[in-house]
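Inspection log for the structure reproduced underneath, given as C-alpha cells.
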RNA sequence: GGACGUUUAGCUCAGUUGGUUAGAGCAUCUGCCUUACAAGCAGGGGGUCGCAGGUCCGAGUCCUGUAACGUCCACCA
C-alpha cells in the first residue's frame, strides 16, 4: 500500500477491518494445546448506539484480546447484545405513539412484541456497525442476543431449576412500584433524589375520650406523605416513651376516614425524631410494613397501579391473604384522584377540620424510578423473587478468597458492602418485552413451573394443560444477562466452547453495574457452573473496572446537558451543523436546545475533525489510569492523532531509505552503535509494555509506545541513521545493517503497538515485512507473533555511548540557543578535561556528533588549559566549549554562567549538609550515600570549571 | 450518618517498595519551512505536590487530623 505524505486514517481503516472480518480472523484457534483466553463482552442494548463508555471499555478489551491472540493463545471475544427490557419497550412505545398515536394496549401483546422484533431488525445493527468502526475484533460468527432461542432456553432452565430448589419463590410483598411504567422494579432501579418537600403535622384524635399524660386528646403525627393516611392501620410510639405509655393499646380515630386504629409500641418509633408518634401504613412504606408484620396489623392498599386512589382499600393480613370483609373504606371525595391531587385535597380538609397543626419545609430523599422518572410507590403485589441471600454466600466467598479479583482493588469494598446484606431480588416485571416467566396457573391459582407445557404435564401428572394460563410477567433483563458468560457458550449443553473458554479471563466494565450485573453474574454462575471436581466455577477471574468518561469540565455526559461526544464523530469527524442537530434533536426538555446550540458552536466552531480510530483508541488507553474517571480532552486526542502522523511519516522515511536493501546481506558485526542502541531500547520497551498489560495499566502501555516511537526511534535513531546513510566512508555492509535494523525495529514496533492501534500498524507492518521479505501471502499483523523482549539484544554499552552522544549534542544545542546563535551554521567545538575513554568515544562517534550538533570540528583541551573566550557548559566530568569569536557579548555569557554557578553552589551546600549529618551517613543505605558523594564531587568539579571560565572572561 | 476516591505546572494527568535537583502532553515564549513529518524540528520559562501536625537521616509517597470537590450505600415519621 502506498503511503500518503499525510496520515489519512479514513482512507484505509474501514477497508482493513472488512478484510479481517471477511477472512474470519477474529475467531478463536480452538487449539486446545494453547492457553485459552476469553472475554465476554458486556452486551450493549440492541437498539442502542455506541457512546464513549463503550468505546473506552471495548478499546481495552480489544487491546487485551489482540495481545493474547498474538501471543498465540486460543482467544475468544464473545459478543452479543441485550434485549434491555424496559428501555427497548419504552423506545418502541414512544415511537408507536408518535407515529400512530397508539398505546401498546391498542395493539395487543402479540402484535406489540412483533413490532419490537421488527424495530430490532431495523435499528439493531447500529451498535454492531459502530463496534466494527472501532476495530473491535469480536467473533461475529458467535454473536448472541439475550432473547434468541439458545439463551432463552438457558433462562428457562435456570428459572425452573432455581424454583425446584426453592431458590425462586412467589409472594405478595411490598415492592418498588413504578406508576409510570406500571411495573415492579428492583431496589437498584430506585434512585433517591434530594427534593424539597414538606412535613405535615396531623392530629389523630384519641378514641373513647382518652387523654395522654400531658392531657391531650390526640396524638400529633408528623408525615411527609399525608395521602397515605388512608391506608394507616396503627400509630406507633416507642415503648419507653413516658409521654405515651398510658395510651399504648388504646385506639385512635383515623382522621378523614373515621376508622379505629390502635396505638402500638414499637422500637421503630424514635423518641427523638418528629413528634415521637409514627403513623403506620404497612401497604405503602417499607418500615411500616415491618412494623405491621410485628404487630399483626392489617395492610390496606389504597393505590391503583398508576398511583391513583382506589375506590376502596384492598385489605390483607400480614401474610398477604385477602381479608374480604375488612374495613378499607375510602371517603368518596378522594376516590380516583391522582396521589398528589389527593394529598392537596386531604391537607385542605384536615386544615378545615382543625386537625392540621402545622406544615414545615422539609428536605427529603424521594425515591424515583430510574427509567420512568416519577416517584416510585411501595405497593403490595404478587412478584417472583430470587433468594439472593442464599446465592450470595458463594459469591461473597469467591471475592474474599481471591478467586475473583477486582482491579482497582477498592471496588472490592463496594462489592462486599453490598453483598453483606443482600435483599432478595425481585425478578418479575409487568412488561411485555422480555423472557416470559415459565409458570402457569390453574383456575384455583395453583402454580405450575416447568420448561414447557410438555414437561409440565409429566412433572405435575396432568392429563391436559387446558385451562392453564401462563404468568403474564417477564423477567428482569438482568436475569438473562446474569447468565451471559455461560449461556453464550452453549449452556445447558456441555459444549466444547464451555469447556475451553469458561471461566472467562476478565470482565471489563463500569462500576455502575457492579451490583446490577457483576454481582448477580457471580451468583448465578457459581450456582450452575461447576469445575471437573464439582466446585463452583467463577464467571471470570478478574473484574477490571473502568472509570466514567466525562466532558472537559468533569460533567457527566448526558443528552439533557447536550455535552455528549459520539466516539464515531471523533473517528470520522462531523461538521458543526449536523453536530448541533444531533445534540438538540429529540430532547426531553426542548427549551434547553438554544443554550446547547450556543455552547456547541462555541466549543466546536469548525465541527470536529476526523482523527481516526487509532488515535481515539490510543487516547482512551493513555487516559485509562487506574480506574479513575476521565475528563475528556480533545487536545489530547489531537496530540495522539499527531503521534499517528509521526509514526506514519517515520515509516515512510524508513521504507523510502531501505529500497533495494538485501535482507540476506545483513550481518550482526556490521551493526552501528546506533543500531545496537535502538535494538536494546526496543527490548526494554517490549518488556515494559508487557508488564503494563499484565497490570492493566494501559496508560503506561501508551506512554511506553509513545516515548519509544517518538523520542527514541524518531528523534534519535532515525536522525542517527541519516548519518550512516549520508556519511562517506561507510561500507555498504554497514549501510545494509542499518537499513535492516530500521526495518526490523519498525516491523517489531508495529506488532508491539498493534493491540492499541490496530489499523496504522497493519499498514506499517505490511510495508516493513514486505521490504524484509518476510511477508507471506495474506498475512496480517493481527496474527503475527507478539514481539518478545528476549529476541532483541540488550547492549548497555551501546546505550551508554548513545547517551554520551545525546548529552553532547544537547549541550551544544543548548549553548547555541542560550547564546542566541542560529541553529544552522556549523561551529567549532572544544571539549576540555575529558578522560581518555570519553575522548575515544567522542572520536568514534564524531560523524554522529558533527551531524546532529552541527559541529564541523572538535578539538580537545586539557583540564585547566587556557582558551580564547568561549561559551562553556559543564557536562559530566568535562566541559563543552564554543568559541565566542565575537559572536556573543561576553557579558551575556558571564550572566549565564553566574546563574549556573549559583545553582551549583546551592546544590553543593545542600549535599554537603546532608553528608555532614551523622544520622544520615550512619543510617542511609550505602548506595544512597555513595550517590550523594559522587554527586557532590561532580558538582564541585563543575563549579570549578564555571569559576575558571568566569575568571577567563574577566568577571 | 457510614464507606471510598480525588486534590502535583495555566489545563489534562503520570509519579512503582520513602532516596539526589518532582515528570509528560497540551498551552505559552524564542529560533527554525534542515528533501519522513509545520499534525513538524531545536530550545526556554513555569510547581513551597490542598492545609496542619507527626514518624524518619530523608516524605509528593507512610501515619493522624482537617478542608474542598466527587462517588457509592443507608436513613430521614
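The values are calculated or read from the model by the stated rules, or taken from the named source; none is laboratory data. None of these values were measured; they are calculated from a predicted model. A quick note on method: Cβ atoms are made from the backbone with ideal geometry, for glycine too, and the neighbour counts reach across all protein chains shown.
Assorted remarks:
- Which numbered condition residue A:814 misses (of (1) within 13 Å of RNA strand B (Cβ to nearest atom); (2) free of Cβ contacts under 8 Å to residues at least 24 places away in the same chain; (3) in a helix (DSSP H, G or I)): (2)
- Against the criterion of being surrounded by 12 or more Cβ atoms within 10 Å (Cβ to Cβ) and near RNA strand B (Cβ under 10 Å from one of its atoms), residue A:894 does not qualify.
- Only a single item in (1) more than 16 Å from RNA strand B (Cβ to nearest atom); (2) surrounded by fewer than 17 Cβ atoms within 10 Å (Cβ to Cβ); (3) in a loop (DSSP other than H, G, I, E, B) is not met by residue A:5, and it is number (1).
- In region A:910-928, the residues that are modelled with pLDDT of 85 or more reach residues that are within 6 Å of RNA strand B (Cβ to nearest atom) with C-beta atoms within less than 8 angstrom, at least six apart or across chains, in these pairs: A:911/A:932; A:911/A:935; A:911/A:939; A:914/A:920; A:914/A:932; A:915/A:932.
- Scope region A:876-891; condition part of a helix (DSSP H, G or I) and either within 12 Å of RNA strand B (Cβ to nearest atom) or in contact (Cβ under 8 Å) with a residue 24 or more places away in the chain (or both); matching residues: A:890
- Applying the criterion of being touching a helix residue (DSSP H, G or I) at 6+ places or on another chain (Cβ under 9 Å) and buried (at least 18 other Cβ atoms within 10 Å of the Cβ) to the residues of region A:382-393, the residue that is farthest from residue A:524 (Cα to Cα) is A:384.
- Number of the condition not met by residue A:156 [criteria: (1) closer than 30 Å to residue A:339 by Cα; (2) within 32 Å of the chain's Cα centre (by Cα)]: (1)
- Residue within region A:393-415 that is under 28 Å from residue A:302 (Cβ atoms) and either within 16 Å of RNA strand B (Cβ to nearest atom) or at pLDDT 90 or above (or both) present: no
- Any hit, region A:899-906, residues being farther than 20 Å from residue A:861 by Cβ, within 8 Å of RNA strand B (Cβ to nearest atom), in contact with a helix residue (DSSP H, G or I) (Cβ under 7 Å, 6 or more places away or on another chain) and free of Cβ contacts under 8 Å to residues at least 40 places away in the same chain: no
- The set of residues in region A:246-273 that are near RNA strand B (Cβ under 9 Å from one of its atoms) and either within 43 Å of the chain's Cα centre (by Cα) or closer than 25 Å to residue A:175 by Cα (or both) comprises A:268, A:269, A:270, A:273.
- Restricting region A:723-756 to residues that are surrounded by fewer than 16 Cβ atoms within 10 Å (Cβ to Cβ) and part of a helix (DSSP H, G or I), the residue that is farthest from RNA strand B (Cβ to nearest atom): A:733
- Residues in region A:447-475 that are farther than 17 Å from residue A:381 by Cα and assigned to a loop (DSSP other than H, G, I, E, B): A:450, A:451, A:452, A:460, A:461, A:462, A:463, A:464, A:465, A:466, A:467, A:468.
- Residue A:93 out of contact with any helix residue (DSSP H, G or I) (no Cβ under 9 Å at 6 or more places or on another chain), modelled with pLDDT under 95 and either farther than 30 Å from residue A:611 by Cβ or outside any helix (DSSP H, G or I) (or both): no
- Residues in region A:277-292 that are near RNA strand B (Cβ under 10 Å from one of its atoms) and part of a loop (DSSP other than H, G, I, E, B) were compared, and the one that is nearest to residue A:328 (Cα to Cα) is A:281.
- Test: residue in region A:364-381 that is away from RNA strand B (no atom under 16 Å from the Cβ), in contact (Cβ under 8 Å) with a residue 24 or more places away in the chain and either touching a helix residue (DSSP H, G or I) at 6+ places or on another chain (Cβ under 6 Å) or part of a helix (DSSP H, G or I) (or both): no
Let's see how each residue does on (1) modelled with pLDDT of 90 or more; (2) assigned to a helix (DSSP H, G or I); (3) buried (at least 24 other Cβ atoms within 10 Å of the Cβ); (4) out of contact with any strand residue (DSSP E or B) (no Cβ under 8 Å at 6 or more places or on another chain):
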{"position": "A:486", "(1), (2), (3), (4)": "yes, yes, yes, yes"}
{"position": "A:489", "(1), (2), (3), (4)": "yes, no, yes, no"}
{"position": "A:493", "(1), (2), (3), (4)": "yes, no, no, yes"}
{"position": "A:499", "(1), (2), (3), (4)": "yes, yes, no, yes"}
{"position": "A:507", "(1), (2), (3), (4)": "yes, no, yes, no"}
{"position": "A:512", "(1), (2), (3), (4)": "no, yes, no, yes"}
{"position": "A:516", "(1), (2), (3), (4)": "no, yes, no, yes"}
{"position": "A:527", "(1), (2), (3), (4)": "yes, yes, no, no"}
{"position": "A:532", "(1), (2), (3), (4)": "no, no, no, yes"}
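- For region A:8-34, the set of residues classified as part of a loop (DSSP other than H, G, I, E, B) and in contact with a helix residue (DSSP H, G or I) (Cβ under 8 Å, 6 or more places away or on another chain) consists of A:12, A:24, A:25, A:26, A:27, A:28, A:30, A:32, listed by residue number.
- Scope region A:167-200; condition outside any strand (DSSP E or B), surrounded by fewer than 21 Cβ atoms within 10 Å (Cβ to Cβ) and away from RNA strand B (no atom under 16 Å from the Cβ); matching residues: A:167, A:180, A:182
- Hey, residue A:136 under 30 Å from residue A:34 (Cβ atoms) and assigned to a loop (DSSP other than H, G, I, E, B) or not: yes
- Boolean, residue A:582 is on the phi < 0 side of the Ramachandran plot, away from RNA strand B (no atom under 14 Å from the Cβ) and surrounded by 15 or more Cβ atoms within 10 Å (Cβ to Cβ): yes
- Residue in region A:9-26 that is within 16 Å of RNA strand B (Cβ to nearest atom), touching a residue at least 40 places away in the same chain (Cβ under 8 Å) and within 26 Å of the chain's Cα centre (by Cα) present: yes
- Considered as a group, the residues in region A:153-166 that are surrounded by fewer than 18 Cβ atoms within 10 Å (Cβ to Cβ) and in contact (Cβ under 8 Å) with a residue 24 or more places away in the chain include one that is nearest to residue A:382 (Cα to Cα), and that residue is A:166.
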